[in-house]
Amino acid sequence: MQVLQAGPHKLILLELDPELVLNVAKQAGFEVRAEESARALTLDLTATGRQAPLLLFDAADPANLGWFSRCQFYVDGRTGQVMQTPLTLANQRDRLGQPQHASVRVRVAKELPSGYRLPGRQPVTEQVVYAILFNFLTALMKTGVAVCGSGVVQPLAGRSEGVGVRN
């Protein structure tokens, strides 16, 4: 981890090990393809052999209340930002534009504001980011992740609010 000075701004620059990130994703049960840039590490994740969709559900539907009450992670549906983490989530889509039920894209930010803190005022380190990533991926497979609001991220499991008139 380094502190980077860019004019009047200070940034935390995480030095993530791509091999370690790939191992974390594999331990969570995903096949992964990674792309690294100067500012982020982007992971295309697929849960091969999984019959059910990943547990990414609509938090607004009362039918999903059981999942909502036990989930650890919440995704802003408009931006894809996983709240209080350096992660961003996006759906993977098939040729028809429909979300794939066993695939997602996760972006791990490497540059964060110097005052960035995780829940509990915990400072950010590479080891903490690895742990958060593992817990997030495990939640997608086992306990559930809530999508709050509609927008670019679409739920994959449970009921979701439909658009238009219901019969």
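Values quoted throughout were computed directly from the atomic coordinates according to the rules given, and no laboratory measurement underlies them. Here the structure is a predicted model, which means the values were calculated and not measured. Every residue, glycine as well, gets a Cβ built from its backbone with ideal geometry; the counts of neighbours run over all protein chains shown.
Treating r as the C-beta distance of Ala34 and Arg70 and R0 as 25 Å, the FRET efficiency rounds to 0.25. Using the Karplus relation 6.51 cos²θ - 1.76 cosθ + 1.60 with θ = phi - 60°, the per-residue 3J(HN,Hα) values for segment 125-136 come to 9, 4, 4, 5, 5, 4, 5, 5, 4, 4, 5, 5 Hz, with x marking Gly and Pro.
The modelled label-to-label distance between Leu96 and Ser150, using points 7 Å beyond Cα along the C-beta direction, is 2.0 nm. In order along segment 24-33, the phi-based Karplus estimate (6.51 cos²θ - 1.76 cosθ + 1.60, θ = phi - 60°) of 3J(HN,Hα) comes to 4, 5, 5, 5, 7, x, 10, 8, 9, 10 Hz; Gly and Pro are listed as x. With a Förster radius of 30 Å applied to the beta-carbon distance between Asp61 and Arg117, the computed FRET efficiency rounds to 0.45. Name the lysines eligible as straight-distance cross-link partners of Lys110: C-alpha to C-alpha under 24 Å, and not fewer than 8 places from it in the same chain. Straight-line reach from Lys110, under 24 Å: Lys10, Lys26. A Förster distance of 30 Å, applied to the separation of the beta-carbon atoms of Thr138 and Gln5, puts the FRET efficiency at 0.25. For the chain, a Gaussian network of Cα nodes joined below 10 Å ranks Glu35, Glu111, Glu126 by mean-square fluctuation, and the top entry is Glu35.
Backbone amide hydrogens, once placed in the peptide plane, bring Leu56 within less than 5 Å of Val145, Leu156, Ala157, excluding anything fewer than 5 places away on its chain. Remark: segment 77-90, residue by residue, has Karplus-estimated 3J(HN,Hα) of x, 6, 10, x, 5, 7, 4, 6, 9, x, 9, 10, 10, 9 Hz, where x stands for each Gly or Pro and the curve is 6.51 cos²θ - 1.76 cosθ + 1.60 at θ = phi - 60°.
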